Amino acid sequence: MIVALESIFDNGISNIPLDFSFDFSDVEFDGAFPFTTPVTLKGCIKNETDIVYIDAVAGVDYDGQCDRCAAAIHRHYTVPVNHVLVADLNNEDNDEYILVEGMRLDIYQLTLEDVCLFLPSKLLCREDCKGICFQCGKNLNEGVCGCSAPVDPRLAALQQLLDN
């Protein structure tokens, strides 16, 4: 979705409302396709005292698995999409501003980048998730499994002393 910005950079208008819905269902993230519902973007692009910026919020539903116990997780995130937009840059290495080439902004790509950067690097079903037993595979959030703790091979000789 391309938004034309000539009129806002030329002070023809001071506000462009944003109300979009994007389909990210074909976007692979972390080895899966977690965006099963449309992502919404609401806000506006403003020009205030010759500073053009986007002030918006993306609503994202994320379906995935817990990184510790593999339980199914559904989360809703509210992602801020706030950037200063510029028509040209003197320093190309500056990542504080979004360069709008040709006075056209790809709002889909900008929203996708912000959503992917916002998502947590480790997704947990709950803060104190205990994971699964690496021996029997039982979900430890549902109770203890009864497996005996393995003996460290470096201490196996000492274990034999205790067994006698």
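The values are calculated or read from the model by the stated rules, or taken from the named source; none is laboratory data. Keep in mind that this is a model prediction, so the values were computed, not measured. For neighbour counting, all protein chains shown are included, and Cβ atoms are generated from backbone atoms with ideal geometry for every residue, glycine included. The protein model used for the area step is the full one, side chains on, heavy atoms only, and it has no ligands, DNA or RNA in it. Shrake-Rupley method; radii C 1.70, N 1.55, O 1.52, S 1.80 Å.
Could you list all residues from segment 58-90 that are in contact (Cβ under 8 Å) with a residue 60 or more places away in the chain and within 17 Å of Ser14 (Cβ to Cβ)?
Leu85, Ala87
Checking Asp67 against (1) open to solvent by 70 Å² or more (accessible area, probe 1.4 Å); (2) part of a strand (DSSP E or B); (3) under 30 Å from Phe134 (Cβ atoms), only one condition comes out false. Which one?
Unmet for Asp67, out of (1) open to solvent by 70 Å² or more (accessible area, probe 1.4 Å); (2) part of a strand (DSSP E or B); (3) under 30 Å from Phe134 (Cβ atoms): (2).
Checking Val84 against (1) open to solvent by less than 90 Å² (accessible area, probe 1.4 Å); (2) in a helix (DSSP H, G or I): exactly one of these is not met. Which one?
(2)
Out of (1) open to solvent by less than 80 Å² (accessible area, probe 1.4 Å); (2) closer than 21 Å to Pro34 by Cα, the odd one out for Thr78 is which?
(1)
What are the residues in segment 93-111 that are of a type in the set (D, E, K, R) and open to solvent by 80 Å² or more (accessible area, probe 1.4 Å), if any?
Result: Asp93, Asp95, Glu96, Glu101, Arg104.
Restricting attention to segment 116-143, which residues are in contact with an Asp or Glu (Cβ under 7 Å, 6 or more places away or on another chain) and aliphatic (A, V, I, L, M)?
Narrowing segment 116-143 to residues in contact with an Asp or Glu (Cβ under 7 Å, 6 or more places away or on another chain): 122-124.
Scanning segment 116-143 gives Leu123, Leu124.
Can you tell me which of Asp55, Asp114, Asp23 is surrounded by 12 or more Cβ atoms within 10 Å (Cβ to Cβ), in contact with a Pro (Cβ under 8 Å, 6 or more places away or on another chain) and free of Cβ contacts under 8 Å to residues at least 60 places away in the same chain?
On the way: Asp55 fails: in contact with a Pro (Cβ under 8 Å, 6 or more places away or on another chain); Asp23 fails: surrounded by 12 or more Cβ atoms within 10 Å (Cβ to Cβ).
Just a single option satisfies the conditions, and that option is Asp114.
Of everything in segment 117-159 that's in a helix (DSSP H, G or I) and touching a residue at least 60 places away in the same chain (Cβ under 8 Å), which residue is surrounded by the fewest Cβ atoms within 10 Å (Cβ to Cβ)? I'd like the intermediate steps shown before the answer.
Filtering segment 117-159 for residues in a helix (DSSP H, G or I) gives 117-118, 140-142, 153-159.
Filter once more, so that each one left must be touching a residue at least 60 places away in the same chain (Cβ under 8 Å): 140-141.
Numbers: Leu140: 14, Asn141: 16.
Taking the candidates together, the pick is Leu140.
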